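Any read-out appearing in this document is the output of simple, stated calculations on the displayed coordinates, not a laboratory observation. Not measured: the values here are computed from a predicted model. No Cβ is skipped: glycine too gets one built from the backbone with ideal geometry, and neighbour counts run over all protein chains shown.
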Amino acid sequence: MRARRKMKDRYRKFSFITDIGGMKSAIGELRGKGFPKQPKLNKAYIPVPDDPVFDETWFIDTLKDKLANHSDNGFEYPFYKERIFGEPLVGFIRGDDPLLTEYKTIIGAHHFTPFEIMKWQAEKNGVSVPSASELSVVCFVMPISRKTKDDNAARTDWPSERWAQTRLLGELFSQTMVREMVTYLMDKGVLAISPDVTPMFNKKRYPKVGWASPWSHRHMAYAAGLGTFGMHDFLITEKGCAHRVGSFVVHLKLAPNHKRPKDIHANCLHYQGIDCLKCETRCPVDAITEKDAHDKEKCYQRVAASTKYCNKNYHIFIYGCGLCATGTPCESSIPEELQKNRPLNGVNPTTTLPGISCL
Ligand code: SF4
Ligand code: SF4
């Protein structure tokens, strides 16, 4: 991150070959390579009286504190000193929640359960593998800043500069923050792992769901009750759908703190029979339609094409779009019409959850 901070007062030249951090991030996202080594479990750790109690409150407070004070939660030139994300939402899922196993049918057999990813970590550290019921997933939603949302809402073709920086620096920040949490816990003798920064992470195109990764933060956040899916496949939370989501697995029993709506579209106006489809009009390539909802392949092609635009105009190696997540009634909150008497009409989440998209 220090190398990125040097760019604070100017743009890099020839960013297609000089934005090493951006390229490493893209390779990591696609191939699970280039991440720092996993921290080792401190098997000999003896707890001391000053140790924190690793309960729900500790995770919520620690994540909020990191978002508020971490130096990496910040933009590069020309927005230096602005924060990328505001206060997060935090939720928990028990490792033996049946929905996490059902994801193997809904998303695909390649999608990890918390048990599978923790088994890898436990075996690597030479300790016995905890059962699924002893694990929890910690999920967090990081709302994108007001200025970034306004910038993107004003765009009709390609993402704004703040949005593009959020897509790159925000993801790097998220990885750094989770790595710090995981390292701290492992040093205190608590097994923990962030699935998307392990060598087991690689994104592929699958026949059933298109582009998909073996760990979907967005599906984890739905399972934790932090939001439901919109026509655009973004998760509509109480802080809206313009955000980045993260999650990691811990060998601790944490209690879920949000009620999960059975209707996976409970927060989307269109799915609740109220006129909207603002996301459809925001998409520059008709990747969202009333008939077919979100066409992931069309969307992917557009987002991939944005790499050239972001490089040329913003001097960073990243792709992005998010036009359909900004300038919409679900951008910064659950749409007002749905905040009162929210319908929970009992759609079966095991058969209708969308596949993974990552944009
Ligand atoms: S813009 Fe409207 S239709 Fe589209 S996801 Fe948001 S609430 Fe649903
Ligand atoms: S993210 Fe995809 S669906 Fe949304 S506006 Fe961009 S291309 Fe369209």
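Please go through the stretch 277-286 and pick out each residue that is touching a residue at least 24 places away in the same chain (Cβ under 8 Å) and within 14 Å of ligand 1 (Cβ to nearest atom). Step through it out loud before you land on a result.
Here is the first cut: in the stretch 277-286, the ones touching a residue at least 24 places away in the same chain (Cβ under 8 Å) are 277-280, 282-284.
Those that are touching a residue at least 24 places away in the same chain (Cβ under 8 Å) and within 14 Å of ligand 1 (Cβ to nearest atom): Leu277, Lys278, Cys279, Glu280, Arg282, Cys283.
Do we have any residue at all in the stretch 75-89 that's in contact with a Cys (Cβ under 9 Å, 6 or more places away or on another chain) and farther than 16 Å from Ser194 by Cβ?
Within the stretch 75-89, the first condition is being in contact with a Cys (Cβ under 9 Å, 6 or more places away or on another chain), and the residues that meet it are 89.
After this cut, where a residue has to be farther than 16 Å from Ser194 by Cβ as well, the list is 89.
Taking every residue of the stretch 75-89 in turn, at least one turns out to be in contact with a Cys (Cβ under 9 Å, 6 or more places away or on another chain) and farther than 16 Å from Ser194 by Cβ.
Please determine whether any residue of the stretch 295-305 is in contact with a strand residue (DSSP E or B) (Cβ under 8 Å, 6 or more places away or on another chain), more than 9 Å from ligand 2 (Cβ to nearest atom) and among the acidic types (Asp, Glu).
Yes, the stretch 295-305 has at least one match.
Of the residues Glu56, Glu116, which single one is without any contact (Cβ under 8 Å) to a residue 60 or more places away in the chain, surrounded by 15 or more Cβ atoms within 10 Å (Cβ to Cβ) and of a type outside the set (S, T, N, Q)?
Working: Glu56 fails: without any contact (Cβ under 8 Å) to a residue 60 or more places away in the chain.
That would be Glu116, the only listed residue that is without any contact (Cβ under 8 Å) to a residue 60 or more places away in the chain, surrounded by 15 or more Cβ atoms within 10 Å (Cβ to Cβ) and of a type outside the set (S, T, N, Q).
Any idea which residue in the stretch 249-294 is farthest from ligand 2 (Cβ to nearest atom), counting only those that are more than 27 Å from Leu99 (Cβ to Cβ), in a loop (DSSP other than H, G, I, E, B) and of a type outside the set (A, V, I, L, M, F, W, C)?
Per the criteria, the residue is Asp275.
Could you please find all residues in the stretch 104-157 being of a type in the set (Val, Ile, Thr), more than 28 Å from Met200 (Cα to Cα) and not in a loop (DSSP other than H, G, I, E, B)? Talk me through it step by step, then tell me what you get.
At the first step, the residues of the stretch 104-157 found to be of a type in the set (Val, Ile, Thr) are 105-107, 113, 117, 127, 129, 137-138, 141, 144, 148, 156.
Narrowing the set further to residues that are more than 28 Å from Met200 (Cα to Cα) leaves 144, 148, 156.
Within the stretch 104-157, Ile144, Thr148 meet the criteria.
Would you pick out the residues in the stretch 81-96 that are assigned to a loop (DSSP other than H, G, I, E, B) and surrounded by 21 or more Cβ atoms within 10 Å (Cβ to Cβ)?
Keep residues of the stretch 81-96 that are assigned to a loop (DSSP other than H, G, I, E, B), which gives 81-82, 84, 86-88, 95-96.
Hits for the stretch 81-96 are Ile84, Pro88, Gly95.
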